[in-house]
Amino acid sequence: MKNITTWTPTKFHYRNNLLTISKNTRELGVGSRLIAIRVAQMYNKYLRVYAKGALVDLGCGKVPLYEAYKEYVTENICVDWENTLHKNELLDHECDLNKPLPLPDARFDTIILSDVLEHIQQPELLWLEMYRVMRPGGNILLNVPFFYGIHEAPYDYFRYTEFALRHFCELAGFEVLELHSIGGSPEVLADFFAKNVSRIPLFGYFIADITQKVVLSLCKRWPVKNISERTKSYFPLGYFLVAKKNA
């Protein structure tokens with residue numbers, strides 16, 4: 001990462017060895033707190049298992065996961081497209097992920113692709129490129145939304161099922177190690193409600209915040225926990241994947 005001393009936490013914060021969400025609404029909208037918590041839980045669990053060696057963070061933005069993975073890797077390279085309005089001083093490479101990556105073959109042990117794949121016009125090309133730059137034995141960790149609103153328009157192109165993610169791995173030559181649905185119908189309903197009610201002046205912020213907190217709490221207890229578990233295979237908020245390039 002270039003200019004590493006200027007990096008600051010944004011969407012996520014790392015406290016007591018756990019990834020948590022930011023309360024700064026300029027970095028994370030109030031209506032997106034629930035899904036951000038669920039995503040953070042996945043990275044908390046699996047970064048310590050699968051992140052290693054030289055890491056490249058593709059579509060890294062402000063590198064929100066840096067604190068969570070830095071102790072497990074020997075270096076991190078940050079790659080994203082150029083934003084001419086607000087230049088990203090953290091980037092090692094500026095490039096379009098729809099095109100061949102300006103990276104050498106078999107260079108990395110870990111790839112992070114967080115909330116990026118839905119913004120790629122030619123996903124098959126990116127998967128083949130990730131395979132090319134990955135060392136044998138290396139791992140990809142990625143998350144994608146599914147039941148989720150349009151974001152970063154007009155650069156929001158796809159929503160992927162677990163079957164599409166498995167297909168991409170098979171196409172490129174990766175072995176799926178972990179593939180998990182993020183949330184179920186209670187989380188989907190809470191996320192949808194919170195994103196819409198948060199637009200109401202004065203009271204919307206508080207209603208959205210409380211709704212998500214209540215649903216997250218209920219999802220720890222029967223029967224809501226049971227409903228979430230039983231529905232996450234066909235009403236997921238998103239997916240989390242770990243895939244390996246075999247030797």
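Only the coordinates and a few stated rules stand behind these numbers; no lab work does. Since this is a predicted model, take the numbers as computed values, not measurements. Heads up, the Cβs are rebuilt from the backbone with ideal geometry, glycines too, and the neighbour counts pull from every protein chain shown.
Which of the residue pairs 52/225; 45/244; 23/213; 11/45; 220/244; 2/245 have a Cα-Cα distance greater than 22 Å in the structure shown?
Over 22 Å Cα-Cα: 52/225; 220/244; 2/245.
From the phi angles alone, apply the Karplus equation (6.51, -1.76, 1.60; θ = phi - 60°) to region 26-41 and give each ³J(HN,Hα) in whole Hz, x where the residue is Gly or Pro.
Calculated HN-Hα couplings, in order: 6, 9, 9, x, 4, x, 10, 5, 5, 5, 5, 5, 5, 5, 4, 4 Hz.
Equivalent ellipsoid semi-axes for region 4-244, as square roots of 5 times the alpha carbon gyration tensor eigenvalues: give them largest first, rounded to whole Å.
Details: eigenvalues 167, 85, 61 Å².
Each semi-axis is √(5λ); the values are 29, 21, 17 Å.
Each residue of region 122-133 in turn: what ³J(HN,Hα) in whole Hz from Karplus with 6.51, -1.76, 1.60 and θ = phi - 60°, glycine and Pro shown as x?
Rounded to whole hertz, the list is 10, x, 4, 5, 5, 4, 5, 5, 5, 5, 5, 7.
Taking amide H positions as placed in the peptide plane 1.01 Å from N, state which residues far from residue 14 in sequence (5 or more) or on other chains have amide H under 5 Å from it.
Amide H neighbours of residue 14: 20.
Residues of region 94-124 with the amide nitrogen closer than 17 Å to a label point 7 Å from the Cα of residue 159, along Cα-to-Cβ, please.
115-120
Taking the alpha-carbon set of region 112-247, what are its Rg and Dmax in Å?
When restricted to the Cα atoms of region 112-247, Rg and Dmax are 17.2, 56 Å.
Scattering from the C-alpha atoms of region 74-113 alone, worked out with Debye: what is log10 I(q)/I(0) at q = 0.23, 0.25, 0.31, 0.33 1/Å?
-0.87, -1.00, -1.29, -1.34
Could you state the per residue volume, in Å³, of the convex hull enclosing the Cα atoms of region 27-156? Provide the component values of the computation, followed by the final result.
On the way: hull volume 15.2 nm³, N = 130.
Each residue corresponds to 117 Å³ of Cα convex hull volume.
Tell me the trypsin sites (Lys or Arg not before Pro) within region 32-124 that lie in a loop according to DSSP and have at most 12 other beta-carbon atoms within 10 Å. Spell out each step's value before the answer.
Numbers: sites: 33, 38, 45, 48, 52, 62, 70, 87, 107; in loops: 52, 62, 87, 107.
When the trypsin sites (Lys or Arg not before Pro) of region 32-124 are filtered for loop state and at most 12 Cβ neighbours within 10 Å, 87 remain.
For the chain, what relative contact order do you get, as a whole percent, if you take Cα pairs closer than 8 Å and at least 6 residues apart?
Details: 475 pairs, mean separation 51.5, N = 247.
This gives 21 percent for the chain.
For Cα pairs less than 8 Å apart in space and 6+ apart in sequence, what is the mean separation divided by the residue count of region 106-247, i.e. the relative contact order in percent?
On the way: 240 pairs, mean separation 50.0, N = 142.
For region 106-247, the relative contact order is 35 percent.
Can you compute 3J(HN,Hα) from phi for each residue in region 195-204, using the Karplus curve 6.51 cos²θ - 1.76 cosθ + 1.60 with θ = phi - 60°, rounded to whole Hz and x for Gly and Pro?
Calculated HN-Hα couplings, in order: 5, 7, 5, 5, 7, 6, x, 6, 9, x Hz.
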